Amino acid sequence: MNDIYHLPESQQHPIVRGQYALNTPPIDEFIATICEWIDSRVTGGYIYGVSRLGKSRAVKFWVEARLAEKYHGLLPFFRLIHKRHERHSEIELLMELLEASRHKYAKSNSRKILLDRLVRLYATRARNAGSNHIVLMIDEAQDMRDPEYRTICNLQNELEDCGFQLTVISVGSHELTYQHEIFVQAGDIHLIARFMVRDAPFRGIRDATELRSVLEGYDSDSEWPEKSDISFTKHFFPRAFDGGFRIAGYSTELWNIFLEMGPHRPGFRLEVPMEHIAKTVEGIFRDFSDAHMIDNDLSHGDLIMEVEKTAYRRHMRAVSYIPSSARGK
């Protein structure tokens, strides 16, 4: 059992463990898009974006809670982190779906038995919620292939036959857009019509204003321990915080550093991945003391050093070579 309270106190903080996610403008857009698809009862859509933007953290930390809030807990929601396999097995995928749903009997060598268990589980959850609509979100979906999509198609068909509608939302890297093209070239219009009815990019942070809203999360919209009213910034720099220190105060300067260190290719619009922002802030929290923040300001060189540590420059150079159509431009 993973109990964080068995760790030394200095190792328990979410920043130290890397177990946290702040709300961001891209996450708000992501949730709004999903809700629009759900309200329209589309059969399937996909969200795509280059790596490190924060898609998986958004799925892990935010989606289920935000959907429960919006739909008052009446919308059955299931989430699967797709695992890459050398061979795509229908039985393997069905077992993974059952395991992700914490089904007591997730193992079997029979495709029919597994599919029946999954249909019963989803239908029961919907009936208990007084709904006939179910949402399945598949994270890391860029590695899904035809046989797995056909398995999900069978699941949809079985549920529809029982009077339930399943909306499938795939979330993955920019390679999801290539899968759409593969289906087009192969003439798999049925799969496109089922699972790629809608699509939307997951964005990075696009300007200093958005960056400031992210950094304000560390200053005021975060809390640890729960109900302590101690934000992440205040936890690491308690006296400096009381004296007015806020990490958000560096948003404009930090954005200019991201701009300067980012690619300068014609037509490239910078979107900073959330991972590099988070690692930069975490580095500041880790590398500077409360006393330093009281007596000194973070210098421009300090900020550059923390950004460099995240390998931001190298990552963004690689991103700049991805076709703009795959980045949602």
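Here are the numbers:
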{"quantity": "Out of GLU175, GLU160, GLU181, sole residue that is over 27 Å from ALA318 (Cα atoms) and acidic (Asp, Glu)", "calculated": "GLU160"}
{"quantity": "Tally, over region 267-299, of residues that are part of a loop (DSSP other than H, G, I, E, B) and at negative phi", "calculated": "11"}
{"quantity": "Top-ranked residue of region 16-37 - restricted to ones that are of a type in the set (A, V, I, L, M) and out of contact with any strand residue (DSSP E or B) (no Cβ under 7 Å at 6 or more places or on another chain), ranked as nearest to ALA248 (Cα to Cα)", "calculated": "LEU22"}
{"quantity": "Residue check, ILE27 over 24 Å from LEU159 (Cα atoms) and surrounded by 13 or more Cβ atoms within 10 Å (Cβ to Cβ)", "calculated": "yes"}
{"quantity": "Qualifying residue in region 154-166 (condition: at pLDDT below 95, touching a helix residue (DSSP H, G or I) at 6+ places or on another chain (Cβ under 6 Å) and closer than 28 Å to LYS70 by Cα)", "calculated": "no"}
{"quantity": "Lone unmet requirement of (1) in the same structural domain as ILE34 (by TED's automatic domain parsing); (2) more than 23 Å from ILE27 (Cβ to Cβ) for LYS227", "calculated": "(1)"}
{"quantity": "Residues satisfying the stated conditions in region 164-209, i.e. closer than 18 Å to GLU140 by Cβ and among the hydrophobic types (A, V, I, L, M, F, W, C)", "calculated": "VAL168, ILE169, VAL171, LEU176, ILE182, PHE195, MET196, ALA200, PHE202"}
{"quantity": "Test: residue in region 130-143 that is within 24 Å of VAL63 (Cα to Cα), at pLDDT below 90 and touching a helix residue (DSSP H, G or I) at 6+ places or on another chain (Cβ under 9 Å)", "calculated": "yes"}
{"quantity": "Residue, nearest to SER40 (Cα to Cα), within region 191-222, restricted to residues that are charged (D, E, K, R) and touching an Asp or Glu at 6+ places or on another chain (Cβ under 7 Å)", "calculated": "ARG203"}
{"quantity": "Pairs where the first residue, in region 197-226, is over 24 Å from ARG269 (Cα atoms) and the second is of a type in the set (Phe, Trp, Tyr), C-beta under 6 Å, 6+ apart", "calculated": "TYR218/PHE232; SER222/PHE232"}
{"quantity": "Residue check for GLU90: surrounded by 13 or more Cβ atoms within 10 Å (Cβ to Cβ) and at pLDDT below 90", "calculated": "yes"}
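Listed here are the residues, each with its yes/no results for (1) within 14 Å of ILE257 (Cβ to Cβ); (2) surrounded by fewer than 17 Cβ atoms within 10 Å (Cβ to Cβ); (3) polar (S, T, N, Q).
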| residue | (1), (2), (3) |
| --- | --- |
| HIS276 | yes, no, no |
| ILE284 | yes, no, no |
| VAL307 | yes, no, no |
| THR310 | yes, no, yes |
| ARG317 | no, yes, no |
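The values are calculated or read from the model by the stated rules, or taken from the named source; none is laboratory data. Bear in mind the structure is a predicted one, so any value in this text is a computation, not a measurement. For neighbour counting, all protein chains shown are included, and Cβ atoms are generated from backbone atoms with ideal geometry for every residue, glycine included.
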